[in-house]
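The values are calculated or read from the model by the stated rules, or taken from the named source; none is laboratory data. All of these numbers come straight from a predicted model, not from anything done at the bench. Please note: Cβ atoms are built from the backbone with ideal geometry, for glycine as well, and neighbour counts cover all protein chains shown. Ligands, DNA and RNA are stripped out before the accessible areas are found, and what is left, the full protein with its side chains, is counted by its heavy atoms. Shrake-Rupley method; radii C 1.70, N 1.55, O 1.52, S 1.80 Å.
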Amino acid sequence: QVQLVESGGGVAQPGGSLRLACEVSGRPVRTYTVGWFRQAPGKQRELVAGITKSGRTRYADSVKGRFTISRVNAENTIYLQMNILKPEDSAVYYCYARGSLHSYWGQGTQVTVSS
């Protein structure tokens, strides 16, 4: 059974930073395409950042240059470093892992950017 558990959400001021973590259990994280989505109230879930099995990364235009996704195979964990946070980054952030047959989601972690 594959499980994803997020941590690291919270409240930050505009211009501040947060780091989200997603620990994957059940299978090696390197065997999946993994990443982060977010969903704000009244909006559709959107891709924030992803990293393929080969390590190629992609980002939403809105977070390029501010967010960095990484994968630490030894920890079976993926991270999302979020810098220069803006109020519009406020949302519930979900990590995901996509395999050849199944996709898995974490429970979500709230990020609020407010002064």
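Determine the sum of side-chain charges near Ala12: Lys and Arg each +1, Asp and Glu each -1, restricted to other residues whose C-beta is under 15 angstrom from that of Ala12. So the surrounding residues net to +2. When a 1.4 Å probe is rolled over the protein heavy atoms, the share of accessible surface on the chain that falls to carbon and sulfur comes to 46 percent. Centre-to-centre separation between the Cα atoms of region 84-103 and those of region 16-71: 5 Å.
When its C-alpha radius of gyration is set against 2.2 N^0.38 Å (N residues), region 8-115 gives a value of 1.02.
Note that the chain presents 55 Å² accessible area per residue, ligands and nucleic acids not counted, probe 1.4 Å. In this simple spin-label model, placing a label point 7 Å from the Cα along the Cα-to-Cβ direction at both Arg56 and Ala74 gives a separation of 2.8 nm. Here the spin labels are modelled as points 7 Å beyond Cα on the Cα-Cβ line, and at Leu47 and Ser114 they lie 3.1 nm apart.
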